[in-house]
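Written out below as structure tokens is the structure these notes cover.
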Amino acid sequence: MEVTISQQPPADVAADVLVIPIFEGEDFSQGALAALDGRLGGILARMAGWKDISGKAYQSSMVPAEGRIAAARVATIGCGKRDAFDATIVRQVAAAAARRLAGHSASSAAFLLSGGLPDAAEVRGVAEGFVRGQYQYDKYKTGDEKTPEAESLTILTPAGPAAGPLEDAARIGRMVGEAANYARRLIDEPPSRMTPSNLADEAKALGAEFGLEMEVFGPEELQKLGAEALLGVSRGSAEPPRLIVLRHRGALGDSRTLAMVGKGITFDSGGLDLKPSNAMEGMKSDMSGAAAVLGAMRVIGALKPAVNVLGVIPATENMPGSRAIKPGDVLRAIGGKTLEVDNTDAEGRVILADALGYAQNLGATHIVDLATLTGACIVALGNDISGLMGAPQAWVDRVWDMAKVAGERLWQLPLPEDYKDLIKSEVADIKNVGGRAGGTITGALFLQAFIKEGVAWAHLDIAGPAFIDKARPYLPVGATGVGVGTLVDLTLGFAETPR
Ligand code: BES
Ligand code: MN
Ligand code: ZN
């Protein structure tokens, strides 16, 4: 879909539909909306009086314009309360509008800014949200249920001289939206079609298309690297594991390298500690961290920012085959530390131990990892908020700030020193589970044990937001593409990261 900005007056835009955002408790008696409603003969105000139009978040209506303005019809979309409007809501409002238009013969849409945010932030959010709202996973539907995508979105900005920054904002928004949708397609793909080798092939195609350095390691190379943790988890599966590495060297004079590490369990059965059927459902999404990294690398490959970036993805299935690792097994990760596998279902942290070690061997100075790591994080924060942990605090703060810019919701959990006792092993350097209590924290503390002194590290537990089984007005059931936006903003702003 093409996304452009325009300073045309809203009444003059010839589009299939003109979308106008409405705040709760505000009417059509003032400002730009009053002028527009005047042209429409006061229909919007009358509909508001009938409660057919309201500013309640995501409430929508469609009104034929009958030749009174250049657009064929007007769609209103509720934005909620003006003072609650932010980078998250704007994206969701735009996505809800796009979803409302799907199937309505609206191949060109124009979107009026609400003025609830600085223009550039709102343009970014509208572009990104509208693109996200087009997403449909209909690849395996053979009937005529498929709805065509809108062809163009014109974002209407206030008249003024400086269109350049707004054009950039629209472009970033569109690219992040497309990258998130790309990540969603990888996640939504059925698990036996998105195996570790297929995921690696996707990464190769991405690397080739965008000119990224790329390496993919299979079992023999992993043996040589000493990646016993990743190899161990893969042992219960007929599918061979892959370690996927993508690299963009954009700043030869900069000693810093940002590494994004994404958990790539293409299916998590639990292994010998087999999950019950209700918990196994949806476990094709256990490579959502990997998909977010690939999505972000796509934007980085296209924009080629002056930053050194690494993408590292350990990919395997977690299956209970006859060669599977057993509770009580000990594995040696890259870097030499040993870990005891107490529970084979805590496999994400095990494969990440190798990936974090490898990223540091390649010179990572700043790491952010994304993983659908713990069910406990869903219990703590629900399906809309990711867990954030890490050290030093300045780096955690930076991730927090960039997530805010991207409109992604996070909440920080602590990493208390004394909780490390919970994952002490009798036989190895560390064990992979610490009991039910504080499960998200002990998961993160396990990862932290594989981070070297002086390396900045942040961990995002995206178990809740990565994949949802209840649709929202702005989101269908399935993969969400969470994390892509935060990674892109973290990268584009990396040069300004305080040292
Ligand atoms: N992939 C799961 C975590 C998960 C659960 C993600 C639900 C998304 C939705 C992870 O590998 C896992 O199984 N974690 C265990 C850890 C436990 C054994 C310490 C969990 O959360 O139960
Ligand atoms: Mn598991
Ligand atoms: Zn898992």
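In the complete set of protein chains, residue-level accessible area for residue 467 is approximately 50 Å², probe 1.4 angstrom.
Protein heavy-atom surface of the stretch 183-496, 1.4 angstrom probe: 51% of the accessible area is carbon and sulfur, with nucleic acids and ligands not counted.
In the chain, the DSSP beta bridges split such that about 40 percent are antiparallel, to the nearest 5. Within the shell defined by Cβ-Cβ distances under 11 Å, the residues around residue 15 carry a net charge of -2, with Lys and Arg each +1 and Asp and Glu each -1. Compute the Cα gyration tensor for the stretch 183-496, then decide on rounded, prolate or oblate, letting a ≥ b ≥ c be the square roots of its eigenvalues: rounded whenever a/c is under 1.5, prolate when a/b is larger than b/c in the other cases, and oblate in all that remain. Rounded is the answer for the stretch 183-496, as its axis ratio a/c remains below 1.5. Solvent exposure of the stretch 173-245, expressed per residue, is 39 Å² of accessible area, with all protein chains present and a 1.4 angstrom probe. In the chain, the longest principal axis of the Cα atoms and the axis of helix 196-210 are about 50 degrees apart. Against the criterion of solvent-accessible heavy-atom surface with a 1.4 angstrom probe, 263, 337 sort, most first, into 337, 263. Separation of the stretch 73-150 and the stretch 435-499 by C-alpha centroid, Å? Cα centres, the stretch 73-150 to the stretch 435-499: 25 Å.
Give the peptides 87-93, 363-369 in descending order of average Cβ contacts within 10 Å, highest first.
Numbers: 87-93: 24.6, 363-369: 22.4.
In descending order of packing, they fall as 87-93, 363-369.
Most simply put, the stretch 2-134 has about 40% antiparallel DSSP beta bridges, counting only bridges with both residues inside it.
In the assembled protein chains, residue 140 presents an accessible area of approximately 100 Å² (probe radius 1.4 Å). Sparsely packed loop sites in the stretch 122-213 (the GluC sites (Glu not before Pro) outside DSSP H, G, I, E and B with at most 16 other Cβ atoms within 10 Å) comprise 145, 149, 151.
Estimated at the nearest 10 Å², the accessible area of residue 267 is 40 Å² with a 1.4 Å probe.
A 1.4 Å probe run over the protein chains yields, for the stretch 2-134, 40 Å² of accessible area per residue, whole-number rounding. Among the GluC sites (Glu not before Pro) found in the stretch 10-105, those both in a DSSP coil and sparsely packed, with 12 or fewer other Cβ atoms within 10 Å of their Cβ, are 66. In the stretch 2-134, the portion of solvent-accessible area held by carbon and sulfur atoms comes to 51 percent [1.4 Å probe, whole percent, DNA, RNA and ligands not counted].
How about the stretch 7-69: which trypsin sites (Lys or Arg not before Pro) there lie in a loop by DSSP and see at most 16 other Cβ atoms within 10 Å?
51, 56, 68
The values are calculated or read from the model by the stated rules, or taken from the named source; none is laboratory data. The structure displayed is predicted, hence computed values, not measured ones. Cβ sites come from the backbone with ideal geometry, for glycine too, and all protein chains shown count toward neighbours. For the accessible areas, the whole protein counts, side chains as well, though only heavy atoms, and no ligand, DNA or RNA atoms are used. Shrake-Rupley method; radii C 1.70, N 1.55, O 1.52, S 1.80 Å.
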